[in-house]
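Report on the structure given below.
The values are calculated or read from the model by the stated rules, or taken from the named source; none is laboratory data. Everything numeric in this text was worked out from a predicted model, so none of it was measured. Ideal geometry is used to build each Cβ from the backbone, glycine not excepted, and the neighbour counts take in all protein chains shown.
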Amino acid sequence: MQTGRAKSATELLASDKIQCHCIENYLSNMTNMNPADLERLTTFAMPYGKYKGRVIADLPGNYLNWFAREGFPAGELGRLLALMQKIDHNGLSHLLKPLRQQPSTWR
């Protein structure tokens, strides 16, 4: 059994292709994002489940992570949940605060 063996050119190339593919997919997903979706996160409410009626931006991280593991629903809801999970996972939820609508009683 060899230890510390240098990777062959073929192994390095295969590894680089996998990493490049992952990066391309990530950037592709980010560039297809609609900026209006960020505002939707603060207005679109969960239509069902334990958090029915709560806007997506207010869902707890463990709930979003559960969807990431089990699968997001189809359509707009799934797309928004996936976006919010990425935002929450990267600690960027605070960036949505300026997008939240002020309550009508707030002065």
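List, please: which pairs have Cβ atoms under 8 Å, are six or more places apart or on different chains, and start with a residue in region 53-81 that is of a type in the set (S, T, N, Q) and end with one that is part of a helix (DSSP H, G or I)?
Taking only residues 6 or more apart or on different chains, the pairs are ASN65/GLN85; ASN65/HIS89.
Among the listed residues ARG40, ARG69, identify the single one that is of a type in the set (Lys, Arg) and at pLDDT 95 or above.
After applying the criteria, what remains is ARG69.
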